[in-house]
1. Hey, what number do you get for the chain at 222 nm if only DSSP H runs of n ≥ 4 count, each worth -39500 (n - 2.57), divided across all residues, to the nearest 500?
2. Can you compute 3J(HN,Hα) from phi for each residue in region 87-104, using the Karplus curve 6.51 cos²θ - 1.76 cosθ + 1.60 with θ = phi - 60°, rounded to whole Hz and x for Gly and Pro?
3. Note down the net charge around Asp85, summing +1 for each Lys or Arg and -1 for each Asp or Glu among other residues with Cβ under 11 Å from its Cβ.
4. What Kirkwood Rh does region 109-162 have if only Cα atoms enter the pairwise 1/r average? Answer in Å.
5. How large is log10 I(q)/I(0) at q = 0.20, 0.24 Å⁻¹ when the Debye formula is applied to the Cα atoms of region 1-69, each weighted equally and without solvent?
6. In degrees, nearest 10, range 0 to 90: what is the angle between the Cα axis of helix 64-79 and the longest Cα principal axis of the chain?
7. Once the dipole of the chain is set up with Lys and Arg at +1 and Asp and Glu at -1 on Cβ about the Cα centre, which of Thr55, Ala14, Phe116 lies farthest towards its positive end?
8. Please report the equivalent ellipsoid semi-axes of the chain, computed as sqrt(5 x eigenvalue) of the Cα gyration tensor, largest first, in whole Å.
Amino acid sequence: MAMWILPGIIIVLALWAIAVYNGLIRLKNRVDEAWSDIDVQLKRRYDLIPNLVNTVKGYAAHEKEVFEKVTEARTRAMGAQSAADKAQAENMLSSTLKSLFAVAEAYPDLKANQNFLELQRELTDTEDKIQAARRFYNGNVRDFNTKIQIFPNNLIAGSLGYTAREFFEAEGSEKDPVKVEF
């Protein structure tokens with residue numbers, strides 16, 4: 001009887017280790033997929049921005065500084081690597097896009113331009129998809145981080161080199177309450 005207990009314990013531990021390992025791989029792949037979803041939506045936004053800038057340029061050619069800021073922010077966002085850098089660059093890009101739309105408000109002809117309205121609608125749709133992709137990513141990061149941090153999973157995760165992933169967070173200014181003035 002005693003000779004069956006030790007092999008039984010070893011088999012149970014091996015099955016447990018395999019289950020934990022497979023769970024970690026599954027969650028890691030989900031996090032990577034979610035990050036890829038964010039990249040797809042950001043690429044869509046990056047592709048829309050030059051068209052939007054060119055449309056606004058035709059009406060507001062003297063607003064050169066705004067166009068340069070949008071272009072610079074887009075370039076920085078496209079070059080960001082880590083989740084924190086990407087989040088910061090994306091927040092800066094969102095801010096500069098707001099200034100571009102503020103410029104557009106001063107030009108009634110532009111606001112009535114069908115091409116501009118379509119680009120603005122597509123950009124708004126893309127922003128909504130980016131927010132959904134960020135939520136999906138953060139949910140998967142939460143699940144992954146929880147899995148690698150709970151005992152006894154942390155023993156296997158640590159030995160395999162898994163570390164906690166960063167959340168895609170809003171910048172401090174985006175968390176401030178919105179001021180509404182009439």
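Since every read-out is calculated from the coordinates, none of them should be taken as a lab result. This one's a predicted model, so the numbers in the text were calculated from it and none came from an experiment. Glycine gets a Cβ as well: all are built from the backbone with ideal geometry, and neighbour counts include every protein chain shown.
1. On the way: 7 runs with 149 residues, N = 182.
It comes out at -28500 deg cm²/dmol, rounded to the nearest 500.
2. Working through the residues one at a time gives 4, 5, 5, 5, 5, 5, 5, 4, 5, 5, 5, 4, 5, 5, 5, 5, 4, 4 Hz.
3. On the way: positive: Arg76, Lys86; negative: Glu90, Glu166.
Net charge around Asp85: 0.
4. Numbers: mean 1/r = 0.0703 Å⁻¹.
Over region 109-162, the inverse of the mean reciprocal pair distance is 14.2 Å.
5. So the normalised log intensities work out to -0.87, -0.98.
6. With both axes taken from Cα atoms, the answer is about 10 degrees.
7. Ala14
8. Numbers: eigenvalues 485, 41, 33 Å².
Equivalent-ellipsoid dimensions as semi-axes: 49, 14, 13 Å.
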